[in-house]
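Written out below as structure tokens is the structure these notes cover.
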Amino acid sequence: MSHPAPHPRKIIIDTDPGQDDAVAILLALASPELDVLGITVAAGNVPLPLTQKNARVICELAGRRDMKIFAGCDAPLAQRLVTAEHVHGKTGLDGIALPDPTMPLSPGHAVDFLIDTLRREPAGSVTLCPLGPLTNIATALAKAPDIAPKIAEIVLMGGAYFEVGNITPAAEFNIYVDPEAADIVFRSGVPIVVLPLDVTHKALTSREWVERMRGLGTEAGRAVASWTDFFERYDTAKYGSLGAPLHDPCVIAYLLQPDLFTGRQIHVAIELEGRHTRGMTVADWWRVTEGAPNAFFIGGVKRDAFFDLLTERIARL
């Protein structure tokens with residue numbers, strides 16, 4: 001039996017809730033090792049009015065009406081918003097009808113919350129966990145460069161290298177939606193851990209796991225099963241796989257059990273100019289450039305242990 005550390009790790013989840021973001025948020029809220037200081041929301045999977053609503057739906061489902069949730073940027077830094085209703089459905093959380101949230105958004109802008117929190121908390125004590133496009137984080141770094149050295153780490157879901165892209169042949173969705181923001185983050189000097197499609201495509205759901213979630217007999221378990229059923233329909237058709245990749249929970253699982261994952265410290269650049277490759281995470285896996293390593297790029301996961309962790313935590317809600 002592992003015991004939580006006496007001082008939970010302070011994190012801020014930056015997200016654009018679709019179904020896998022929702023599972024990641026539930027995993028974090030179910031884990032005493034993590035102290036979620038707040039949730040910042042951007043546009044991404046669906047536009048901001050829906051992502052901020054979905055974040056509140058998820059927190060209410062977890063019984064956390066006290067959670068601070070801040071609406072942030074409603075559009076990328078330099079291009080029009082690209083969304084993914086084709087994956088997540090028109091609400092972003094299609095699959096189960098959940099009541100409209102009654103908890104309010106916190107007053108103020110997500111970017112200001114990020115800046116104020118990082119300035120207030122001791123240096124190196126807050127980890128940022130982006131699960132969507134990096135617009136809020138990049139805007140905060142651009143507006144307040146003094147926060148960069150205070151961030152403990154940025155652990156993000158995004159990018160692809162060996163697995164190629166999922167929104168274009170070269171780019172993964174979260175990076176593609178706002179490549180300029182990703183470029184700012186990857187050049188910030190903040191320690192970064194990347195959970196790309198290379199690893200999330202190894203974290204495929206199984207029918208057995210989905211039924212185990214449904215069998216928990218809890219509201220959270222039923223929601224996770226229904227969400228997975230929904231986006232599995234799209235992903236199984238696309239990847240011809242057993243199930244669907246649970247992308248975003250990999251971020252939270254990495255914080256809880258980093259030994260489930262393997263990767264290497266490499267240089268990652270964001271392609272902004274390419275005619276066919278805009279938004280690509282150019283990962284120097286074989287270290288063939290002079291680029292100084294700026295990210296721990298994950299490639300492997302112990303799949304069964306990952307799903308065991310998810311099951312054990314979601315069962316607590």
- Run down the aspartates and glutamates and flag those whose C-alpha is under 12 Å from the C-alpha of K202, throwing out any fewer than 8 positions away in its chain. E163, D304
- Query: Taking amide H positions as placed 1.01 Å from N in the peptide plane, with prolines and chain starts having none, which residues 5 or more places from E172, or on another chain, fall under 5 Å of its amide H?
  - Reply: G159, A160, N166, T281
- Would you kindly state how much longer the chain becomes between A305 and H7 on full extension, computed as 0.36 nm times their sequence separation minus their alpha carbon distance, in nm to one decimal? 104.8 nm
- Item | Solvent-free Debye scattering, log10 I(q)/I(0), computed from the Cα coordinates of the stretch 115-192 at q = 0.15, 0.16 Å⁻¹ | -0.51, -0.57
- Task: Pull up all non-local amide H partners of I11: gap of 5 or more, or a different chain, and H-to-H distance under 5 Å with H placed in the peptide plane.
- Result: D35, V36, L37, T127
- Query: Considering the chain as a Gaussian network with a 10 Å cut-off on Cα pairs, which listed residue, L134, L255, L29, attains the greatest mean-square fluctuation?
  - Reply: L255
- Note on the structure: For Cα extents along the principal axes in Å, with candidates [x] 59, 42, 34; [y] 53, 45, 42; [z] 48, 41, 39, the value calculated from the shown model is option [y]
- Item | Residue of T102, T205, T40 that the Gaussian network model of the chain assigns the largest fluctuation, springs spanning Cα pairs under 10 Å | T102
- Task: Please report, to two decimal places, log10 I(q)/I(0) for the stretch 54-120 at q = 0.13, 0.25, 0.26 Å⁻¹ as given by the Debye formula with identical point scatterers on the Cα atoms and no solvent.
- Result: -0.51, -1.14, -1.14
- Note on the structure: Per the rule of 0.36 nm per residue minus the C-alpha distance, extending W285 to T102 adds in nm 61.2 nm
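Nearest-5 percent of antiparallel DSSP beta bridges in the chain? Write down the numbers at each step before the final one.
Details: 10 of 34 bridges.
Percent antiparallel among DSSP bridges in the chain is about 30.
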- Mind checking the full-extension length gain between R233 and R275? Use 0.36 nm per residue of separation minus the Cα-Cα distance, one decimal, nm. 12.0 nm
- Note on the structure: Here the alpha-carbon Rg of the stretch 179-238 over 2.2 N^0.38 Å rounds to 1.59
- Query: For the stretch 58-135 and the stretch 7-37, what is the separation of their C-alpha centers, rounded to whole Å?
  - Reply: 11 Å
- Read phi for every residue in the stretch 108-118 and hand back ³J(HN,Hα) as whole Hz from Karplus 6.51 cos²θ - 1.76 cosθ + 1.60, θ = phi - 60°, with x for Gly and Pro. x, 9, 3, 5, 5, 4, 4, 5, 4, 5, 5
- Message: Exposed loop sites here are chymotrypsin sites (Phe, Trp or Tyr not before Pro) in DSSP loop states with at most 16 other C-beta atoms within 10 Å. What is the longest stretch of the chain lacking them?
- Response: 1-161
- If you build a Gaussian network model of the chain, linking Cα atoms that sit under 10 Å apart, which residue out of T15, T200, T91 swings the most? T91
- Counting only residues 5 or more apart in sequence or on a different chain, those whose built amide H sits under 5 Å from that of H267 are D284, N294
- Measure off 7 Å from each Cα along the Cα-to-Cβ vector at H86 and A123, then give the distance between these two points in nanometres to one decimal. 4.6 nm
- Whole-number D in µm²/s for the stretch 1-150 (Stokes-Einstein; Kirkwood sum over Cα pairs; 10 °C, 1.306 mPa s): 101 µm²/s
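Values in this text are rule-based calculations from the coordinates and carry no lab data. This structure is a prediction, so every number in the text was calculated from the model and none was measured. Methodologically, a virtual Cβ is constructed for each residue, glycine included, from the backbone with ideal geometry; neighbour enumeration extends over all protein chains shown.
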